[in-house]
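One structure is given below, encoded as structure tokens.
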Amino acid sequence: MTTFDDKYYDKDYFVTPQGKKCVLEDGTIKEWSYANPTGDWHGTMPIVRSWKNVFRPKKMLDVGAGRGVFLGYAQEIGIDAQGFDFSEFATSDEGRFDKCSKDSLIWHDVTKKWPYEDDSFDFIVCLDLMEHIYEENIDFVINELFRVASKNIFLQISTSESTNFILKKDEDIPDEHKEMALTGHVLIQNQQWWKDRLMREGWEFSQEKVDRFYDRVVPPIACDSAWAVNLIAVLEK
């Protein structure tokens, strides 16, 4: 049985080439890791520049910030950016991205009340996080997201229009989902499911801002699979 706690997101998850392992139904061993010693990614700065151009953020929060790569680049171009993550490794001196200031990235469990006041951030990003949250906790996480946001929320969520599943805590992972769960995904649904779940009074989806974001990303990132096929959503107040 695999427990997707803070210890799961360790150095093997982020750095070690062989990374995490599982045995598939046919007996083969599947390996997965970001396998990225520095944490850097070529698409980060174009994305951050586009955020600054479209949203003009004064104060940004990265929820599930990983090693703080987006924080580091946001800070580099003058955005007041903070973030937190569930991984002890990612938020440690060893794991933290070298451009990310130490005091801007903290450890915190997203399923516990976030250490920020209401309406603290005019721009919140949440990238590749929601699919890692158990369904029983997802409404709490979404409510906290809206509680601390004052203006714009930018989300990227891994979705599927064909293979949907919900893994519960402490249950054995079905063979057909072991490969997907290896990355820590416990909640995969289609885009409309997420849009329905994300709706809150006083907030609206803005496709216009999504389009402006993509128009201003130079060089284009559409060739990177996650940004091409996942749900990219902007909610504004």
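With all protein chains present, how much of the accessible area of segment 163-225 (probe radius 1.4 Å) comes from carbon and sulfur, to the nearest whole percent?
About 48 percent, which is the carbon plus sulfur part of the accessible surface.
Name the shape class, rounded, prolate or oblate, that the alpha-carbon gyration tensor gives for segment 64-190, where a ≥ b ≥ c are the square roots of its eigenvalues, rounded holds for a/c under 1.5, and otherwise prolate holds if a/b is larger than b/c and oblate otherwise. Prolate, because a/c is 1.5 or more and a/b exceeds b/c.
Extension gain for THR28-GLU135 works out to 35.6 nm (0.36 nm per residue, less the C-alpha to C-alpha distance).
Checking (i) 20.0; (ii) 12.3; (iii) 16.7 against the coordinates, the calculated mean projected area of the Cα convex hull in nm² falls under label (ii).
Per residue, segment 1-159 exposes an accessible area of 44 Å² to a 1.4 Å probe, with every protein chain left in place. Restricting segment 29-75 to trypsin sites (Lys or Arg not before Pro) that sit in a DSSP loop and have at most 15 other Cβ atoms within 10 Å of their own Cβ leaves LYS58.
Expressed as a whole percent, the accessible area of segment 1-152 that falls on carbon and sulfur atoms is 48 (1.4 Å probe). DSSP beta bridges confined to segment 107-237 are antiparallel in about 60 percent of cases. Note on segment 14-67: with charges restricted to the Cβ of Lys and Arg (+1) and Asp and Glu (-1), its dipole about the Cα centre is near 560 debye. Taking every alpha-carbon pair under 8 Å whose residues sit at least 6 apart, the chain reaches a relative contact order of 20 percent.
The values are calculated or read from the model by the stated rules, or taken from the named source; none is laboratory data. Since we're looking at a predicted model, the values are computed, not measured. Cβ coordinates were reconstructed from backbone atoms using ideal geometry, including for glycine residues, and neighbour counts include every protein chain displayed. For the accessible areas, the whole protein counts, side chains as well, though only heavy atoms, and no ligand, DNA or RNA atoms are used. Shrake-Rupley method; radii C 1.70, N 1.55, O 1.52, S 1.80 Å.
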